[in-house]
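The values are calculated or read from the model by the stated rules, or taken from the named source; none is laboratory data. Every value quoted in this text rests on a predicted model; they were computed, and no experiment measured them. Cβ coordinates were reconstructed from backbone atoms using ideal geometry, including for glycine residues, and neighbour counts include every protein chain displayed. In case anyone asks, the SASA skips ligands and DNA or RNA and just uses the protein heavy atoms, side chains included. Shrake-Rupley method; radii C 1.70, N 1.55, O 1.52, S 1.80 Å.
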Amino acid sequence: MMKRAALILARGFEESEALSVADILRRAGLTCELVGLEETEVEGAHGISVRCDRILDGDVTDYDMIILPGGYGGVERMKDSEELLALLQEMNRKGRYVSALCAAPSVLAEAGLLEGKHYTAYRECDPEVSRGNYVKKPVVVDGNLLTGMGPAMAYAFAYRAAKLLGGDSRAVKERMLYSHSFREEEEA
């Protein structure tokens, strides 16, 4: 059965992170649905609007992974969503992958999911998410928790997400010439 990811978009999301991750997961043969937090068409932090596959209108815990891109405006909206915080907690209870990139680990902290966990985040966000153990690495996996440091790490984050979900990340890396741009030791 094909693994599925729900990528949550809230107004003010970081476009480069969200679209890179969705693209790579789809190229790896995985389902990645764009789910608007409050609306179907969501404007990102830099004025790029994206049409989502659906609106968050109930349970997403049947997905194998939930992904939160950064972007301060989107992150603040996600932190204010009691529905999303409850869904993140339920995904975690079910052992499903909970993942966040850049500033979005602060949403995981708000949901109480970083305590006792290793994570990474955008460097200015560390005081906000200090409930866990910050690791200065591009991508960090701790059990069912996947975090990425920032926009430049979106590809490494996406390849790791694809690998965790059983997608063919190696073939996608080769087709996208990833190894021509980044050293292997920089990879997650």
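Observations
- Here Glu82 does not qualify as free of Cβ contacts under 8 Å to residues at least 24 places away in the same chain and either open to solvent by less than 10 Å² (accessible area, probe 1.4 Å) or farther than 28 Å from Ile55 by Cα (or both).
- Considering (1) open to solvent by 40 Å² or more (accessible area, probe 1.4 Å); (2) part of a loop (DSSP other than H, G, I, E, B), the lone condition that Gly58 does not fulfil carries the number (1).
- Count of residues meeting criterion [under 22 Å from Asn92 (Cα atoms) and touching a Phe, Trp or Tyr at 6+ places or on another chain (Cβ under 7 Å)] in the stretch 36-64: 1
- Qualifying residue in the stretch 28-36 (condition: under 17 Å from Leu164 (Cα atoms) and touching a Pro at 6+ places or on another chain (Cβ under 8 Å)): no
- Flag for Ala109 being open to solvent by less than 10 Å² (accessible area, probe 1.4 Å) and in contact with a Ser or Thr (Cβ under 7 Å, 6 or more places away or on another chain): no
- So Leu7, is it under 12 Å from the mean Cα position of the chain (by Cα), open to solvent by 60 Å² or more (accessible area, probe 1.4 Å) and not acidic (Asp, Glu): no
- Matching option when the condition is farther than 23 Å from Arg27 by Cβ and either open to solvent by 10 Å² or more (accessible area, probe 1.4 Å) or assigned to a loop (DSSP other than H, G, I, E, B) (or both), among Gly70, Gly95, Gly74: Gly95
- Residues of the stretch 160-179 classified as surrounded by 24 or more Cβ atoms within 10 Å (Cβ to Cβ) and at pLDDT 95 or above, total: 2
- Top-ranked residue in the stretch 130-145 [being outside any loop (DSSP other than H, G, I, E, B) and touching a Phe, Trp or Tyr at 6+ places or on another chain (Cβ under 6 Å); ranked as nearest to Gly116 (Cα to Cα)]: Val140
- Of Ala154, Ala188, Ala104, all but one fail to be surrounded by 17 or more Cβ atoms within 10 Å (Cβ to Cβ) and at pLDDT below 95; the exception is Ala188.
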